[in-house]
1. Quick check: net charge around S456, other residues with Cβ under 12 Å of its Cβ, Lys/Arg +1 and Asp/Glu -1?
2. Determine the share of segment 410-465's accessible area contributed by carbon and sulfur atoms, expressed in whole percent, with a 1.4 angstrom probe.
3. Check the straight Cα-Cα distances from K413 and name the lysines below 19 Å, setting aside those fewer than 8 residues away within the same chain.
4. Could you tell me how far the Cα centroid of segment 37-79 sits from the Cα centroid of segment 447-469, in Å?
5. When ranked by the protection proxy of mean other Cβ atoms within 10 Å per residue, highest first, what sequence do the peptides 289-296, 324-331 form?
6. Taking the alpha-carbon distance from K289 and a cut-off under 17 Å, which lysines remain once sequence neighbours fewer than 8 residues away in the same chain are dropped?
7. Cα convex hull of segment 358-484: how many Å³ per residue?
8. Rg to Rh ratio, segment 38-86, alpha-carbon atoms and Kirkwood radius?
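The values are calculated or read from the model by the stated rules, or taken from the named source; none is laboratory data. Bear in mind the structure is a predicted one, so any value in this text is a computation, not a measurement. FYI the Cβ positions are ideal-geometry reconstructions off the backbone, even for glycines, and counts take in every protein chain you see. Accessible surface is based on the protein model in full, side chains and every heavy atom, while ligands, DNA and RNA are left aside. Shrake-Rupley method; radii C 1.70, N 1.55, O 1.52, S 1.80 Å.
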Amino acid sequence: MKDTVTLTTFQLRSNCGVARLVNTLLPALLLALAVATSSAQTKIALEKNSYSVTDDVKLGQEAAAEARKQLPMLNDDQVDAFVENVGARLATAIASEFRHAGFRYTFDVVNQKEINAFALPGGPMFLNRGMIEAATTEAQVAGVMAHEIAHVALRHGTAQATKGQKFQIGAAAGQILGAIVGGTAGSVISQGSQFGLGTYFLKYGREYERQADLMGAQIMSRAGYDPREMANMFKTIQAEGGSGGPEWLSSHPDPGNRSDAIAKEASMLRIEGNGNSGQFQSIKSRLAKMSPAYTAEQIAKGQATTGGPTTGDAADRRVINVEPPSNAYRTYQPANFLRISVPANWAAVDASAGSVTYAPKGGFVQGDDGGSAFTHGVQLGVVQGGGGNLQQDTQQLLTSLVRANPDLRAAGKSRRETIGGRQGITTPLSNVSHVTGEREYVALSTTQLRDGSLLSIIGVAPQPDAKTYENIFRRVRQSLQIAD
Ligand SMILES: [Zn+2]
């Protein structure tokens with residue numbers, strides 16, 4: 001009877017994209033059920049919970065939408081596909097009594113350095129890139145994921161909240177995010193109460209940890225992974241956490257004899273097939289070739305490129321990861337009479353009539369319509385046919401820039417500045433990026449050439465990075481040598 005119910009569930013699930021797993025996993029699942037009924041594994045029961053399954057789903061979805069806006073998602077198809085594949089395999093291995101209507105397990109990779117991961121009620125999971133980089137096997141990544149999935153399936157977040165005061169779902173979603181971002185800054189653990197409700201969903205007690213370890217081990221074995229690798233990953237997390245202790249272990253404290261308890265459970269379980277995709281090493285080398293991940297501190301200070309916090313449709317915005325400007329500079333000679341130095345990791349990406357753009361990798365986007373835009377970098381241009389008056393010609397250039405960029409506006413007073421050894425003007429501006437939809441800082445500097453044309457240097461950077469880039473733009477301007 002039980003088998004029939006499970007089979008039905010499984011066939012329904014095959015309609016939503018896991019069809020190719022069905023054939024390989026079905027025998028494994030039936031076998032796992034046989035194991036379950038012979039009680040050769042620790043029996044785990046759901047905790048008392050005064051919230052509905054729908055509450056879990058709603059809470060998790062709201063908090064996940066916010067997390068995707070405020071955290072820098074890696075957005076790499078291959079890495080995402082790898083993690084989703086491991087996750088789908090694990091989610092399929094959840095025992096039938098812990099499957100809940102509306103729960104959907106999703107997996108996002110955050111471009112963050114620290115070894116951490118968290119899962120929200122109803123299924124959305126976020127894994128830091130640092131977690132994948134620290135793991136030495138696919139099963140270790142699966143171990144952390146299986147443990148997180150167990151917390152979700154056991155509804156530990158709302159079960160924990162059941163012990164506290166009743167709260168409004170809407171209010172809680174915001175606070176979960178506060179705890180995530182606060183936790184990212186490393187403060188949530190020491191000042192947990194400050195984030196109130198949020199910590200219910202991210203920080204667990206020893207009993208829930210014990211349950212998540214055991215159920216995680218059971219899920220792993222059914223998905224074809226050695227559960228002992230979960231314990232190995234916890235050791236790695238501990239070893240790499242440094243003196244302050246890694247955040248993941250603070251949120252998932254050792255229930256006592258953790259490794260031994262997992263090993264004991266593992267000895268009662270049979271690993272069903274081989275869950276390894278064989279892709280782990282290539283995913284790791286792919287990550288190693290990328291620009292470094294953001295640190296928690298950079299994210300907390302708003303220095304990471306994220307999907308939000310705009311209210312517009314996030315899906316049509318491109319999220320890009322850009323290397324910070326190098327301290328070393330490289331000199332270019334864009335014209336016979338001009339020399340300019342820019343950070344060494346910037347390159348001349350677009351040289352067209354009268355202008356050249358220097359931008360870091362990822363800071364320049366060629367649009368489908370043939371147009372282009374840059375989010376980080378400097379554009380050097382020459383505008384001919386002005387009246388020969390620096391102030392008036394600058395104003396005219398500004399007017400034409402506003403025409404092309406309706407969101408462009410002044411962000412401070414213009415000031416006189418010596419550029420290329422002659423009189424110049426610098427105007428701080430603010431714009432909304434065509435690429436990211438987020439506010440960006442723009443510095444427009446102008447000076448005149450002997451033939452009366454206007455030389456302009458336009459620096460662009462995301463608003464949260466304005467301070468850093470302001471110094472870079474100044475240094476670039478000061479490097480300018482004009483010999484016309
Ligand atoms: Zn845990």
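1. Neighbour charge sum, excluding S456 itself: 0.
2. Of the solvent-accessible surface of segment 410-465, carbon and sulfur hold 50 percent.
3. K467
4. Value for the Cα centre distance between the two parts: 47 Å.
5. Per-residue Cβ counts within 10 Å, averaged per peptide and sorted highest first, yield 289-296, 324-331.
6. Qualifying lysines at Cα under 17 Å: K113, K361.
7. Convex hull volume per residue, Cα atoms: 115 Å³.
8. That ratio equals 1.17.
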